[in-house]
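The values are calculated or read from the model by the stated rules, or taken from the named source; none is laboratory data. Note that the structure is predicted; figures quoted are calculated from it, not measured. Heads up, the Cβs are rebuilt from the backbone with ideal geometry, glycines too, and the neighbour counts pull from every protein chain shown. For the accessible areas, the whole protein counts, side chains as well, though only heavy atoms, and no ligand, DNA or RNA atoms are used. Shrake-Rupley method; radii C 1.70, N 1.55, O 1.52, S 1.80 Å.
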Amino acid sequence: MSATLLEARNLCISFGGVQAADGIDLDVRDGERLAIIGPNGAGKTTFLNICTGYLTPAAGSVRFRGHDITALAPRTITRMGIARAFQSPQLFHEQCVIDNLLLAAAARERAWNPFRPLRERPERDEMVALLELFGLAEYAASMVDELPEGTRKLIDIAVALALRPQLLLMDEPTSGVSSLEKFRIMDLLVNALAVQGVTSVFVEHDMEMVERYADRVAVWSSGRIQSVGPPDQVLTDPAVMRDVIGV
Amino acid sequence: MRLVRFLPAVLVLAVALLPLAVPWLKIILTVALAKGLAVLGVVVLLRAGQVSFGHAMFFAASAYSAAFLMQGFGGMDLAVLLLAGTVCSGAMGAVIGLFVVRYRYIFFGMLNLAFSMVLYALLEKMFHVTGGSDGMAVGRPTYFGFELARTAFETALFYTSLVLAGAACWCVHRFLRSPLGEALSAIRTNETRLEYLGISARRVLLIAYVLSAALAGLGGTVIAVNQGVVTPDLGYWIRSGEFVFIAILGGAGNVLGAFAGALVYELVRFYAAAMAADVWQMILGFVLLGIILFASRGFVGLYQDLVAVAAPGRPGRERGRKR
């Protein structure tokens, strides 16, 4: 059995009476792809926000490779090896695609020479290769805000991967993408994660995607985990089918 | 077409040679270069989308440090004054920066204004130390070990300022294109993503703030030595507003624009004051209105458009960059 990379224990947080996390206990194992599913407002994104330091839970703890990261700032958690891709792509829209990636690479290498231009960074080839993994090398010089949503989502993930994280947290990586495109995008994403050896957690609403790409599934319901296990087992659970899938 | 591309170099050469043809102009040009250095500091912060309405405090702090050194030691070398003024302002920028970099936009601007008014009040009220509103005299320092006559010193100071302006332009240009400079722009566009890259936006802004304070300080020392007197007016809020005004005039966020704006501003101000003493501020106001309405990217933007017209298909701005 794989070692545990991330351990969440008894996480609790509420917003104006709504319990977004109510005693969440969850382990993320090294090398796996864990999908988080559940209805809107169940607390899935809140869990990602807690794990990346955007929110501090009222109770409970998150440990990453044995280190308590519960109250740390997002930048500190990022430096420890947890990267994040957002539901709405978070990019530097006044910079071109390659500059977005090079800035991530410079942050990773802590390369802050004030007289060496970003575009002359030695990681340029590595970043182009990363874009190639997503089939996006042709967009290297394009301005980010000139690209379609699906492409920007992939670039957002590529920026996160440029940090060479151990764990990547993604919030609905294929939302806003046409149903024809989403499998192609997920295939590219899964391949990139495999090439880089990155463990991943992704929030998803599309059960077909979960079934096809997740190693394990955690089902969220009103701030609690209803069920965790392999997709074929969890997605056929009558309670999950009734409460989450709506069958 | 070729002439248009070399226009900046031609203008720099013209500025360098102008004092030879019109010797009295070197005082005004030195003032313009000193202000240009302070404006360059404002431009650095504009890259992060932050406007400081108090940067004259660093200008005044270094000018007064020159006055204190000259009076305290009964004379000093220009090189020491420049170094001391820059270090003094940079250190002051580091202390004040610790507070102001926690804030953004209007709060950042107003906090800078508040700090500058505290310094202004101190300079004005501590009469026995600073000379109050009369200010302090600044004697003529030695020039790298040489004692120069007044005219020779003014000429030497002008060319020193020109070299300093060139060096500052190069350094800031490189800085803005470095990972730190790109992270500075990212504060304006997406601070959330910056934090999720493991970069502290506050630390990046603090580094930029210290650099901008040091640049303003360098300009402040030049103006103190050029004028021979320092008064609290150097740190007044109107002076800070003037730096922002010039930054917009030259082309907000552009390195060369800082000096282009400062040169045009000083020349327009000088001739407007000479020919229309009662309405020169109004003339300056109309110039800025014209720039904002018809050339919102300032003089540098006008030049870039000129290049684009002269060479269609060859963008005036660097490819892949919107600034």
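Starting from the Cα of B:K35, draw a straight line to each of the aspartates and glutamates and keep only those under 13 Å, dropping any in the same chain fewer than 8 residues away.
B:E242, B:E266
Using a 1.4 Å probe, what is the accessible area per residue for the protein assembly as shown, in Å²? Working shown, then result.
Values: 24180 Å² over 570 residues.
About 42 Å² of surface per residue is accessible.
How well do other chains shield peptide A:117-125, expressed as the mean number of their Cβ atoms within 10 Å of each residue Cβ?
Working: counts 9, 8, 4, 2, 2, 0, 0, 0, 0.
For peptide A:117-125, the averaged partner shielding equals 3.
Given +1 on the Cβ of Lys and Arg, -1 on the Cβ of Asp and Glu, and no further charges, what dipole in debye does chain A carry about its Cα centre, rounded to the nearest 20?
On the way: 24 positive and 32 negative charges, 152 e Å.
About 740 debye.
Hey, can you grab everything whose amide H is under 5 Å from the amide H of B:D77? Only 5+ residues off in sequence or another chain; H modelled, so Pro and N-termini drop out.
When sequence neighbours closer than 5 places are left aside, the close amide H contacts are B:T142.
Suppose a student asked you for the relative contact order of chain B, using Cα pairs under 8 Å spaced at least 6 residues apart; what percent would you report?
33
If chain B were replaced by its equivalent ellipsoid, with semi-axes equal to the square roots of 5 times the Cα gyration tensor eigenvalues, what would those be, largest first, whole Å? Can you show the working numbers first?
On the way: eigenvalues 179, 133, 69 Å².
Those come to 30, 26, 19 Å.
What are the ³J(HN,Hα) couplings of segment B:286-297, residue after residue, when phi is run through the Karplus curve with 6.51, -1.76, 1.60 and θ = phi - 60°? Round to Hz, x for glycine and proline.
So the Karplus estimates, Gly and Pro as x, are 5, 4, 5, 4, x, 5, 5, 6, 10, 8, 5, 9 Hz.
What are the GluC sites (Glu not before Pro) within segment B:81-179 that DSSP puts in a loop, where the Cβ has at most 15 other Cβ atoms within 10 Å? Can you show the working numbers first?
Values: sites: B:E124, B:E147, B:E154; in loops: B:E147.
Passing sites in segment B:81-179 are B:E147.
Which value in deg cm²/dmol, rounded to the nearest 500, describes the helix-derived mean residue ellipticity at 222 nm for chain B, given -39,500 (n - 2.57) per DSSP H run of n ≥ 4 and division by the residue count? Please list the in-between numbers first.
Working: 15 runs with 241 residues, N = 323.
Only helices count here, giving -25000 deg cm²/dmol.
How long is the protein assembly as shown along each principal axis, judged by its Cα atoms, biggest number first, in Å?
Projected onto the principal axes, the Cα atoms of the protein assembly as shown cover 94, 58, 43 Å.
Can you give the average number of partner chain beta-carbon atoms within 10 Å of each beta-carbon in peptide B:198-211, as a whole number? Working shown, then result.
Details: counts 17, 9, 3, 1, 1, 2, 1, 0, 0, 2, 0, 0, 0, 1.
The shielding value for this peptide is 3.
Using a 1.4 angstrom probe on heavy atoms only, work out the carbon and sulfur share of the accessible area of chain A in %. Numbers along the way, then the final one.
On the way: 4720 of 10070 Å².
Answer for chain A is 47 percent, counting heavy atoms of protein chains only.
Give the average, rounded to an integer, of partner chain Cβ atoms located within 10 angstrom of each Cβ in A:70-83.
The per-residue average across the peptide is 3.
Suppose only helical runs count, i.e. DSSP H with n ≥ 4. What mean residue ellipticity at 222 nm does that imply for chain A under -39500 (n - 2.57) per run, divided by all residues and rounded to the nearest 500 deg cm²/dmol?
Details: 8 runs with 81 residues, N = 247.
Value at 222 nm, helices only, nearest 500: -9500 deg cm²/dmol.
Debye calculation, C-alpha points only, no solvent: report log10 I(q)/I(0) for segment A:65-169 at q = 0.15, 0.22, 0.23 Å⁻¹, in the same order as the q values.
-0.62, -1.20, -1.28
Return the long-range amide H neighbours of A:A85 (sequence gap of 5 or more, or a different chain), with a cut-off of under 5 Å between placed amide H atoms.
A:L169, A:M170, A:D171
With every protein chain present, what accessible area does B:V163 have (1.4 Å probe, heavy atoms only), rounded to the nearest 10 Å²?
100
Taking the Cβ-Cβ separation of B:L17 and A:R110 as r and a Förster radius of 41 Å, what is the calculated FRET efficiency to the nearest 0.05?
Taking R0 as 41 Å, the efficiency between B:L17 and A:R110 is 0.35.
Would you mind giving the total buried accessible surface between chains B and A, with a 1.4 Å probe and ligands, DNA and RNA left out, rounded to the nearest 100 Å²?
Details: alone 15690 and 11540 Å², together 24180 Å².
So the total buried area for this chain pair works out to about 3100 Å².
Quickly work out the B:Y105-to-B:F270 label distance, labels modelled 7 Å from Cα along the C-beta direction, and quote it in nm with one decimal.
About 4.0 nm, to one decimal.
Taking all protein chains as present, what is the carbon and sulfur share of the accessible area of chain B, in % to the nearest whole number, probe 1.4 Å?
Values: 9940 of 14110 Å².
With neighbouring chains kept in place, the figure for chain B is 70 percent.
Got a sec? Charge dipole of the protein assembly as shown, +1 on Cβ for Lys and Arg, -1 for Asp and Glu; which of B:L119, A:F92, B:A34 is way out at the positive end?
Going by the charge dipole, the pick is B:A34.
How far is the Cα center of segment B:63-133 from the Cα center of segment B:258-295, in Å?
27
Only Lys, Arg, Asp and Glu count, each charged at its Cβ (+1, +1, -1, -1), so figure out the dipole size of the protein assembly as shown about its Cα centre, rounded to 20 debye.
Details: 49 positive and 46 negative charges, 271 e Å.
Dipole size: approximately 1300 debye.
Suppose every K and R has +1 on its Cβ and every D and E has -1 on its Cβ; what is the size of the dipole of chain B about the Cα centre, in Debye to the nearest 20? Please list the in-between numbers first.
Values: 25 positive and 14 negative charges, 263 e Å.
For chain B, the charge dipole is close to 1260 debye.
Cα to Cα, under 17 Å, and not fewer than 8 places away if on the same chain: which lysines meet these conditions relative to A:K182?
Straight-distance partners of A:K182: A:K153.
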